[in-house]
Amino acid sequence: MQFDRERDQHLIAAVLGPGNASPRAGAISVLRRLLPRLRRAFPKARLRVRLDGGFAAPDVLAFLE
């Protein structure tokens, strides 16, 4: 998590999985729980989700739309 013009960044979620798991395994589940909480905590904020290229899959992108 990062706020505009702030140097500090904070980890807000992590998922550990086996080494042979897809990078996006569990991504939608985490986002489904996390985004509503962030919206409640910061109702006026515009949220921007940035993910690694391993998450560029149709199901993840469709969820984010």
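Quickly estimate the mean residue ellipticity at 222 nm for the chain, helices only: each DSSP H run with n ≥ 4 gives -39500 (n - 2.57), and the total goes over all residues, rounded to 500.
Numbers: 2 runs with 22 residues, N = 65.
For the chain, the value works out to -10000 deg cm²/dmol.
Could you sort 27-35, 14-22, 54-62 so that the peptide with the highest average Cβ count within 10 Å comes first and the rest follow in order?
My ranking of the peptides, most packed first, is 27-35, 54-62, 14-22.
Rounding to the nearest 20 debye, state how big the charge dipole of the chain is about its Cα centre with +1 on each Lys and Arg Cβ and -1 on each Asp and Glu Cβ.
Around 340 debye, computed over the chain.
Considering the chain, what Rg and Dmax in Å follow from its alpha-carbon atoms?
My reading of the Cα-based Rg and Dmax gives 13.0, 39 Å.
Helix 27-41 versus the longest principal axis of the chain: what is the Cα-based angle in degrees, 0 to 90, to the nearest 10?
On a 0 to 90 degree scale, this one is about 10.
Label point 7 Å out from ARG24 along Cα-to-Cβ: which residues of the stretch 41-62 have amide N under 16 Å?
49-62
None of the figures in this text is laboratory data; all of them are computed from the coordinates on show. In this text the structure is predicted, and so the values were computed from the model without any measurement. Reconstructed Cβ throughout: ideal geometry from the backbone, glycine too, with neighbour counts over all protein chains shown.
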